[in-house]
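Chemist: Below is one structure. I have some questions about it.
The values are calculated or read from the model by the stated rules, or taken from the named source; none is laboratory data. Since the structure is predicted, the reported quantities are computational estimates derived from the model, not experimental observations. Note that we place each Cβ from the backbone using ideal geometry, even for glycine, and neighbour counts take in every protein chain shown. The area values use the complete protein model at the heavy-atom level, side chains included, leaving out ligands, DNA and RNA. Shrake-Rupley method; radii C 1.70, N 1.55, O 1.52, S 1.80 Å.
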Amino acid sequence: MISHRYLSDLFSLDGRVAMVTGGSSGIGRAVAGALARAGASVVVVARKEAELAATVGELTDDGCRAAWVSADLGSRAGVRAAAEETAEVFGEPDILVNSAGINLRPPMGDLDDEVWDATMAVNLEAPYLLGQRFGPGMAERGFGRIIHITSQQAHRAFVQSGAYGVSKGALESLARSQAEAWSPYGVTCNTLVPGFVMTPLNSRLSSDPEKVAALAARTMIGRNGLAEDFAGAAVFLAGRASSYITGQSIFVDGGLSVH
């Protein structure tokens, strides 16, 4: 049917290679699964080998082409090693999704150098280093997609944003700088901005039923987010359909940010 061919041309990721950090849990896992089921060969990067193996096993059982790399993205050496190991699996990635993050948020008065450095290393420096490694190659080949997962706290302070909010705000600025550098050569760089999503990263809040209910009430849809809510947006940003969208922060939040 014409409609099927048209939709496939717009959204298919056949022949593309994707690297998804933090892809073994939460939003990253949902995104990795969506890209793989849309046709991309996906390398999932995270620390815990058991979770990585389970994620990739599920995808390969579904007929997808997927592999995993265990890495610590908290150091420059770890990031660079992960990048090289990833590129050896299916080739240089066309799609880079930075979903790995840490959520250490002591009150600002208690914030110390250790928490600050750890937060910036994983949430900001790793995406920067991976962009520097893969962005120029994407530009040279004439196609690339860089997608960062950020946070409402890039735009507003609440529930002790601390260093976490700063790192996510800087990540959105990084996307704009990457877009400026590489979009003239076919590489788009955007961010997906979650609201409150029920994932392991948000376990501190999700364990409090009253706070969960209050956050749901702040949305227009009337519920908090789920990891699978990001699947469609990720496939859209990763493919041909979004070729004229770059440097943008796209809110996937049930209307929380405008309510």
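Chemist: Being open to solvent by less than 10 Å² (accessible area, probe 1.4 Å) and assigned to a helix (DSSP H, G or I) narrows it down to one residue among Phe230, Phe236; which is it?
Modeler: Testing whether each residue is open to solvent by less than 10 Å² (accessible area, probe 1.4 Å) and assigned to a helix (DSSP H, G or I) leaves just Phe230.
Chemist: On to the next question. Can you name the residue in the stretch 95-145 that is of a type in the set (Asp, Glu) and over 20 Å from Glu180 (Cβ atoms) and, of all such residues, is nearest to the chain's Cα centre (by Cα)?
Modeler: Asp117
Chemist: Being outside any helix (DSSP H, G or I), open to solvent by less than 60 Å² (accessible area, probe 1.4 Å) and over 26 Å from Leu256 (Cα atoms), is that true of even one residue in the stretch 98-115?
Modeler: So far as the stretch 98-115 goes, yes, one or more of its residues are outside any helix (DSSP H, G or I), open to solvent by less than 60 Å² (accessible area, probe 1.4 Å) and over 26 Å from Leu256 (Cα atoms).
Chemist: Among the residues of the stretch 29-52 satisfying the criterion of being open to solvent by 50 Å² or more (accessible area, probe 1.4 Å) and in contact (Cβ under 8 Å) with a residue 12 or more places away in the chain, which is farthest from the chain's Cα centre (by Cα)?
Modeler: Among residues in the stretch 29-52 that are open to solvent by 50 Å² or more (accessible area, probe 1.4 Å) and in contact (Cβ under 8 Å) with a residue 12 or more places away in the chain, the one farthest from the chain's Cα centre (by Cα) is Glu49.
Chemist: Also: Out of Ala170, Ala139, report the one residue that is of a type outside the set (Ser, Thr, Tyr) and in contact with a strand residue (DSSP E or B) (Cβ under 7 Å, 6 or more places away or on another chain).
Modeler: Residue meeting the stated conditions: Ala139.
Chemist: Cβ-Cβ under 9 Å, sequence separation 6+ or interchain: first residue in the stretch 1-27 and among the aromatic types (Phe, Trp, Tyr), partner open to solvent by 70 Å² or more (accessible area, probe 1.4 Å). Which pairs?
Modeler: Cβ pairs passing all conditions: Phe11/Arg240.
Chemist: Another one. Which condition from (1) over 27 Å from Val17 (Cβ atoms); (2) out of contact with any helix residue (DSSP H, G or I) (no Cβ under 7 Å at 6 or more places or on another chain) is the one that Gly195 breaks?
Modeler: (2)
Chemist: While we're here: Could you list, in sequence order, the residues of the stretch 114-150 that are of a type in the set (Gly, Ala, Ser) and either closer than 23 Å to Gly15 by Cβ or at pLDDT below 95 (or both)?
Modeler: Once the filter is applied, which keeps residues that are of a type in the set (Gly, Ala, Ser) and either closer than 23 Å to Gly15 by Cβ or at pLDDT below 95 (or both), the stretch 114-150 yields Gly131, Gly135, Gly137, Ala139, Gly142, Gly144.
Chemist: Right, another one. State all residues of the stretch 60-97 that are outside any loop (DSSP other than H, G, I, E, B) and of a type in the set (Lys, Arg); if no residue qualifies, say none.
Modeler: Of everything in the stretch 60-97, those that are outside any loop (DSSP other than H, G, I, E, B) and of a type in the set (Lys, Arg) turn out to be Arg76, Arg80.
Chemist: Let me ask something additional. What number goes with the only condition from (1) among the small types (Gly, Ala, Ser); (2) surrounded by 19 or more Cβ atoms within 10 Å (Cβ to Cβ); (3) touching a residue at least 60 places away in the same chain (Cβ under 8 Å) that Ser249 does not pass?
Modeler: It fails just one condition, (2).
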